[in-house]
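Take a look at the structure below.
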Amino acid sequence: MLYVGNSTQAGDLNSANLDDQTQEVLTPMPERIHAAAAVSDVHLLVAIEGGSVYRYNTETQESEFVIDLMSDVTSLSFDAFSGLVYAGLQNLDVLVIEPFSGEISDFDVMPSIGRVTVSPNGQLWFVPAKYVQQNSISAWDLPDEI
């Protein structure tokens, strides 16, 4: 199953079956979905316009407010090694989120608006939203122990 946001209308969290070419609305979120990341076999972390973050359970089909980051989220990326989520924000901050407690900490600052993603090589990669901004793709090392 693939989970996507805004495919039927802004704010809808949808499931998509690519084989059957069908989609279903799972739940409406309060605002347009900006980013999401799977954080367990049944949980998605979903960031909406404005910076609020919710955890959605695909089994119970319930969403729960986690934290308000006070800035639009450009990306969420789950690190399976640590169980943490890295969030790139429109204000350029990169935060670390514990997806089940909502605890956050500062990680770094992006050189421009873009997205971050965890790589299997133990780094967090940054890609600018517009490559023409003369910013290069860069990476930070992630902690190698919890």
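Bear in mind these aren't lab numbers, they're just calculated from the coordinates by the rules spelled out. Not measured: the values here are computed from a predicted model. Cβ sites come from the backbone with ideal geometry, for glycine too, and all protein chains shown count toward neighbours.
A compact table of results
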{"quantity": "In nm, spacing of pseudo-spin labels at Ala80 and Ala129 (7 Å Cα→C-beta vector)", "calculated": "3.0 nm"}
{"quantity": "Net length gained if the chain between Ser7 and Phe100 were fully extended (0.36 nm per residue, minus Cα distance)", "calculated": "30.8 nm"}
{"quantity": "Phi to ³J(HN,Hα) by Karplus 6.51 cos²θ - 1.76 cosθ + 1.60 over region 105-110, Hz, x for Gly, Pro", "calculated": "8, 6, 10, 6, 10, 6"}
{"quantity": "Per residue convex hull volume, Cα atoms of the chain, in Å³", "calculated": "124 Å³"}
{"quantity": "Loop-resident sites, region 1-81, for GluC sites (Glu not before Pro), counting at most 11 other Cβ within 10 Å (DSSP)", "calculated": "Glu59"}
{"quantity": "Cleavage-rule hits, chymotrypsin sites (Phe, Trp or Tyr not before Pro), region 56-146, DSSP coil, Cβ neighbours within 10 Å at most 15", "calculated": "Phe81, Phe100"}
{"quantity": "Inverse of mean 1/r across different Cα pairs in region 9-76, Kirkwood, Å", "calculated": "12.2 Å"}
